[in-house]
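The values are calculated or read from the model by the stated rules, or taken from the named source; none is laboratory data. The shown structure was predicted, so the numbers you read here are calculated from the model rather than taken from an experiment. A quick note on method: Cβ atoms are made from the backbone with ideal geometry, for glycine too, and the neighbour counts reach across all protein chains shown.
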Amino acid sequence: MATTELTFDTFESTVTGDGITIVDFWAEWCGPCKMFGPIFDQTADENPDVTFAKVNTEAEQQLAGSLGIMSIPTLMIFRDGIQLFAQPGALPKAALDDLLSQVRALDMDDIRSKLAEESTDN
């Protein structure tokens, strides 16, 4: 499956949908981004049930700024509209595969319950 290019206008509707969405924040001039790009694309091809999306931080500076992206590449993972992971740095293929396995294994009802508890505690 090909990756999807996200913009300021399409980001929220994409990451708040059902299922898993993995977003790669990158830029053309970024060396580590160029090394991570093929890993991200290969993982996308191997997991057609997951939405793999990219944000070009040069073209989408407002979006990157609003999300606090300070270094690239940065990877964010959402499942069922809940952000579960955000970390700068390129990952090796095995680490990305492992991370995706962990996200798949999460009990989202438990996650939602814990988030609801936290919001009532505040």
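If ASP98 satisfies all but one of (1) modelled with pLDDT of 95 or more; (2) exposed (fewer than 11 other Cβ atoms within 10 Å of the Cβ), what's the number of the condition it fails?
Exception for ASP98: condition (2).
Go through (1) of a type outside the set (Asp, Glu); (2) within 21 Å of ARG112 (Cα to Cα); (3) surrounded by fewer than 14 Cβ atoms within 10 Å (Cβ to Cβ) one by one and return the number of the condition SER66 breaks.
All conditions pass for SER66, except number (2).
If the requirement is being of a type outside the set (Asp, Glu) and under 19 Å from THR7 (Cα atoms), which of these qualifies: ASN56, ASN47?
Going through ASN56, ASN47 in turn, just one is of a type outside the set (Asp, Glu) and under 19 Å from THR7 (Cα atoms): ASN56.
Go over the candidates THR7, THR43, THR51 one by one and state the one that is of a type in the set (Val, Ile, Thr), in contact (Cβ under 8 Å) with a residue 12 or more places away in the chain and in contact with a helix residue (DSSP H, G or I) (Cβ under 6 Å, 6 or more places away or on another chain).
THR43
Residues that are on the phi > 0 side of the Ramachandran plot and more than 11 Å from the chain's Cα centre (by Cα): does the range 51-66 have at least one?
no
Run ASP109 past the list (1) free of Cβ contacts under 8 Å to residues at least 60 places away in the same chain; (2) surrounded by 13 or more Cβ atoms within 10 Å (Cβ to Cβ); (3) over 14 Å from CYS30 (Cβ atoms) and report the number of the one that doesn't hold.
(2)
For the range 14-35, does any single residue satisfy the condition of being of a type in the set (Gly, Ala, Ser), in a helix (DSSP H, G or I), surrounded by 12 or more Cβ atoms within 10 Å (Cβ to Cβ) and under 14 Å from the mean Cα position of the chain (by Cα)?
no
I need the full set of residues from the range 65-96 which are within 15 Å of THR14 (Cα to Cα) and among the β-branched types (Val, Ile, Thr), in order please.
The answer is ILE77, ILE82.
Being surrounded by fewer than 13 Cβ atoms within 10 Å (Cβ to Cβ) and in contact (Cβ under 8 Å) with a residue 12 or more places away in the chain is the filter here, so list the residues in the range 69-95 that pass it.
MET70, SER71, GLN87, GLY89, PRO92 - these are the residues of the range 69-95 that are surrounded by fewer than 13 Cβ atoms within 10 Å (Cβ to Cβ) and in contact (Cβ under 8 Å) with a residue 12 or more places away in the chain.
Does THR7 satisfy the criteria of being among the β-branched types (Val, Ile, Thr), surrounded by fewer than 20 Cβ atoms within 10 Å (Cβ to Cβ) and in a helix (DSSP H, G or I)?
no
Here is a list: LEU100, LEU75, LEU63, LEU91. Which entry is within 19 Å of ALA27 (Cβ to Cβ) and part of a helix (DSSP H, G or I)?
One residue alone meets the criteria, LEU63.
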